[in-house]
Amino acid sequence: MLIQFLTLFPEMFAGPFSCSMIKRAQERGLVTLETINFRDYAEDRHRTVDDTPYGGGPGMILKPEPIFKAVEAQTAKAGSKPYIILTTPQGEPFHQQTAAELSKLPHLLFICGHYEGFDERIRTLADRELSIGDYVLTGGELPAMVMADAVIRLLPGVLGDPQSAEQDSFSRGLLDYPQYTKPAEFRGMAVPAILLSGDHGKIEVWRRQQALLRTARRRPELLADLELSPAEREFLEKHQLTLDPEKKDLPMKGGN
Ligand code: 9D3
C-alpha cells in the first residue's frame, strides 16, 4: 500500500513513522509512506499557500492552486489514482470500520489542512472527508497520522499474529476484558481466582462476561449494535440489576 500525505509540515511525520511497528512495516515493504510539501507546488516567488478570506473575517485560508497542482503531480507520477482523504473537523467520524475499509485500498492520499481552514473548492478533490473526533486541533497532520496508524496495523503481515486484528476489542464491538500478570497478589489486590484455575473453558466465558459488563458500564452505546446470545443478555440483566454499576472493576485513582 502507498500512503501519501500532502502537508505544509512534513517534519511532523518523521517521529511517529520511524518507530516500532510502522517502521518495520515499511522495512518489510508492506507500506510506503511519503510526505509531500504542497508549498513546493506554489507558483509565485513567495511560494504563497494561503490568503485572506473573500467576504472578510479573521485568519488565512489555504489556496486551491498549490493543492490541486500537488494532487495532479502525484497522480501522474504514481500512475495509480489515489483514494483522496481530506482531514477536516467537519468530516465524517473515523471509526475502526473506516480503517478496515481503507486498508483494502492500494493507494491513499491524505490532504492535511492547517491554519484556519481551506478554500471550499479543495473539497471537490476528496473522495472522503474524515475527522477523528469533536475537539479542535491545530491541523490535520495528527489526524492523518492517527488514521494511517489504524490502517497500517490492519495490513496483512504487519501484526505478528494474523488473528490479532480480528480479536481487537473494537472489531468484536466490546471493550477489552481485564488482564493480569504476575504477581498473583500485589499490594492487597488479588488476581481473580478463575484465571489461576487452569480451566480454559471457564476462563473464556469469564472474559466474555467481563468484556460485556465493562462495555455496559463504560460505553453502553456500543452494546446497542451487538448481537448477544440469550445467555449473555440474561447475564447482563442479572448483573445490571443486582450490582452497583460503579463497583465491579478495581477503582481508578480518582474513583470510578
Ligand atoms: C472547528 C474550528 N474551525 C472554526 C473556524 C477552525 C478550525 C480549527 C482547527 C479549522 C481547522 C482546524 C484544524 N483541525 C483539523 O484540520 C482537523 C481536525 C480537528 O481539529 N479535530 C478532529 N479531527 C480533525 S481532522 C482535521
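One table, with the values for the structure above:
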item	result
Any pair with Cβ under 6 angstrom, 6 or more apart, that starts in region 98-121 at a residue that is farther than 28 Å from G59 by Cβ and ends at one that is among the β-branched types (V, I, T) and in a strand (DSSP E or B)	L108/I3
Residue check for P53: in the same structural domain as I132 (by TED's automatic domain parsing), within 14 Å of the ligand (Cβ to nearest atom), in contact with a Gly (Cβ under 8 Å, 6 or more places away or on another chain) and outside any helix (DSSP H, G or I)	yes
Residue match in region 141-155 (condition: surrounded by 14 or more Cβ atoms within 10 Å (Cβ to Cβ), in a strand (DSSP E or B) and within 13 Å of the ligand (Cβ to nearest atom))	no
Scope region 158-179; condition part of a loop (DSSP other than H, G, I, E, B) and modelled with pLDDT of 75 or more; matching residues	V158, L159, G160, G173, L174, L175, D176, Y177, P178, Q179
Boolean, G57 is more than 19 Å from the chain's Cα centre (by Cα) and over 16 Å from G117 (Cα atoms)	no
Filter result (exposed (fewer than 11 other Cβ atoms within 10 Å of the Cβ) and hydroxyl-bearing (S, T, Y)) within region 47-79	Y54
All positions within region 88-106 that are buried (at least 16 other Cβ atoms within 10 Å of the Cβ) and either acidic (D, E) or within 13 Å of the ligand (Cβ to nearest atom) (or both)	T88, P89, G91, F94, T98
Cross-chain or 6+ apart pairs with Cβ under 9 Å, region 47-68 first and touching a residue at least 60 places away in the same chain (Cβ under 8 Å), then among the acidic types (D, E) and part of a strand (DSSP E or B)	L62/D50; L62/D51
Residue list for region 125-137, filter: within 18 Å of Y83 (Cβ to Cβ), near the ligand (Cβ under 8 Å from one of its atoms) and assigned to a loop (DSSP other than H, G, I, E, B)	I132
One residue from I122, I85, I67 being outside any helix (DSSP H, G or I) and either within 16 Å of the ligand (Cβ to nearest atom) or not hydroxyl-bearing (S, T, Y) (or both)	I85
Subset tally (residues that are in a strand (DSSP E or B) and more than 9 Å from the ligand (Cβ to nearest atom)) for region 107-119	5
Region 11-46, subset out of contact with any helix residue (DSSP H, G or I) (no Cβ under 9 Å at 6 or more places or on another chain) and part of a helix (DSSP H, G or I), residue surrounded by the most Cβ atoms within 10 Å (Cβ to Cβ)	R24
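The values are calculated or read from the model by the stated rules, or taken from the named source; none is laboratory data. The structure displayed is predicted, hence computed values, not measured ones. Here the Cβ is made from the backbone with ideal geometry for all residues, glycine too, and neighbour counts use every protein chain on show.
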